[in-house]
Amino acid sequence: MANNRVDNAVIYPGSFDPITYGHINIIERALKIFRKVIVAVSHNQSGKKPFFSIEERVSIIKEIFRKEKRVVVEPFKGLLVDYIKSKSVDTVLRGLRTVADFEFELQMSLANKKMSGNVETVFMMTEGRYSFLSSSIIKEILSLGGRAEELVPDVVVRRFNERLKERKTDIVSWE
Ligand code: PNS
């Protein structure tokens, strides 16, 4: 085989606002297949304002994988295909939870392929126990005082509560 991609690095892009055990499970399983996983954290969230800043999303993921040298975490701005070219990696990894994810993922992988013919997207099925999990659900649970210990690492809960407290203090101080 001229270019054995599986022996290579893969880019795992996303918003990760915040990262969940569903994402972490995909990264851990990818490490069994790929030599290196580059977690690429997107600046732009299609008009949505993220809860965590880009710096904080990157730093949370770095903290979680601090002992795993094969996981690299980086922010990226603009088009994913441009970022991929800058890294000289041409394989993208995305997780698929349910059939509801399929349409958007197909659209995105075809759009990326159209823009850069060399890019291949590989999909990994999310483990059943995480198939309901999303960053939005985590934000909803945590902001309403629910427990999320089994869904996200402690660092996410801690940082979320810190930000929430800061924001409430900000609102009070402006009233
Ligand atoms: O975690 P998400 O929100 O599902 O991740 C989506 C993401 C960040 C991977 C996607 O929106 C993306 O690649 N954004 C960068 C801009 C881009 O390249 N858009 C064209 C692909 S459709």
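Overview of values
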read-out	value
Segment 19-175 - accessible surface per residue (Å², probe 1.4 Å)	60 Å²
Relative contact order (percent, whole number), segment 9-169, Cα cutoff 8 Å, 6+ residue spacing	29 percent
For segment 9-169: span of alpha carbons on each principal axis (Å, largest first)	48, 33, 30
Lys/Arg +1, Asp/Glu -1 at C-beta; segment 9-169 dipole; positive extreme among Ser88, Leu144, Ser131	Ser88
Which of Met108, Met125 is most accessible, then next, and so on - probe 1.4 Å	Met125, Met108
Rounded percent of accessible protein surface that carbon and sulfur make up, the chain, 1.4 Å probe	54 percent
Axial C-alpha extent at least 15 Å, average Kyte-Doolittle at least -0.5 - helices from the chain (DSSP)	54-64, 99-115
Nonlocal amide H pairs with Leu96, under 5 Å, H built at 1.01 Å	Met124, Met125, Thr126
Expected 222 nm ellipticity per residue - DSSP helices of 4 or more, -39500 (n - 2.57), all of the chain, to 500	-13500 deg cm²/dmol
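The values are calculated or read from the model by the stated rules, or taken from the named source; none is laboratory data. No experiment lies behind these values; they were computed from the predicted model shown. Methodologically, a virtual Cβ is constructed for each residue, glycine included, from the backbone with ideal geometry; neighbour enumeration extends over all protein chains shown. Note: accessible area is taken over every heavy atom of the protein model, side chains too, but ligands, DNA and RNA are not part of it. Shrake-Rupley method; radii C 1.70, N 1.55, O 1.52, S 1.80 Å.
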